[in-house]
Amino acid sequence: NLAALTTGTGRIYSVIFGTNAGGTYVLYGNPVSFSAGATNFSGFNQIISNAVTLLSAQTFSATGAPLNFFGSVTNGGFNLSLNAATNIVFNNSIIGAGGLKKFGNGSLTLNAASAFTGATTNQSGLLLVNNSAGSANGSGALFVNSGATLGGTGIVSGPVSIAGVIAPGNPIGTLTVTNGLIFTNGGNYFW
């Protein structure tokens, strides 16, 4: 499959940074398609700069150290789960009809405008939206479950439902919600 990677049509089953990875790796080059996600088991920050297309519903995991994405992610209509035991950062857009679900006590940071239409759910930990234009979560609804927090200084365009905490800034700043904010089940606003 290495020849396919040079043309931008490469399919990769999964990317795993093992516990024995001796440092930070930066993957870059042509677009690639993932079948079974990406995991960072190492103790080092790992970076994927390729544009990525999902071929199925899958999970990206940062279990040992942060996992950073600099290329766009096209979800192909599939849901993307994010296991943020440490931190996961998206510095480019997420596109497609699928949704986004974050779990784990680490943080998920969305630094760019996205165009996905599925719902975003933060089940636990911190979701930071730090985009300067557009919407960090595309046009879909954003749900913050009990025990989870929404923060950052960006813009959210989909309707937002808070059962956990909304805490604008990082730690201080303005978070813009443009399509309604609902507090449910004891949701809290921290300032």
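The values are calculated or read from the model by the stated rules, or taken from the named source; none is laboratory data. The shown structure was predicted, so the numbers you read here are calculated from the model rather than taken from an experiment. Cβ placement follows ideal geometry from the backbone for every residue including glycine, while neighbour counts extend to all protein chains displayed. Calculation scope for accessible area: heavy atoms of the full protein, side chains included, ligands and nucleic acids excluded. Shrake-Rupley method; radii C 1.70, N 1.55, O 1.52, S 1.80 Å.
Look at (1) open to solvent by less than 60 Å² (accessible area, probe 1.4 Å); (2) at pLDDT 95 or above; (3) part of a loop (DSSP other than H, G, I, E, B) and you find that LEU108 fails only one, number (3).
Residues in segment 112-137 that are open to solvent by less than 10 Å² (accessible area, probe 1.4 Å) and within 12 Å of the chain's Cα centre (by Cα): PHE116, THR120, ASN122, LEU127, VAL129, ALA136, ASN137.
Within segment 84-100, the set of residues being surrounded by 20 or more Cβ atoms within 10 Å (Cβ to Cβ) and in a strand (DSSP E or B) comprises ALA84, ILE88, VAL89, PHE90, ILE94, GLY96, LEU100.
Are there strands (runs of 3 or more DSSP E) fully within segment 1-82 with at least 1 residues that are over 19 Å from THR109 (Cβ atoms), touching a strand residue (DSSP E or B) at 6+ places or on another chain (Cβ under 9 Å) and of a type in the set (Lys, Arg)? List them. Walk me through how you get there before you give the answer.
Values: elements: 10-12, 15-17, 32-34, 38-40, 46-48, 52-54, 58-62, 67-69.
The qualifying strands (runs of 3 or more DSSP E) are 10-12.
Just one residue in the set GLY158, GLY134, GLY164, GLY151 is more than 16 Å from GLY106 (Cβ to Cβ), of a type outside the set (Asp, Glu) and at pLDDT 95 or above; that residue is GLY134.
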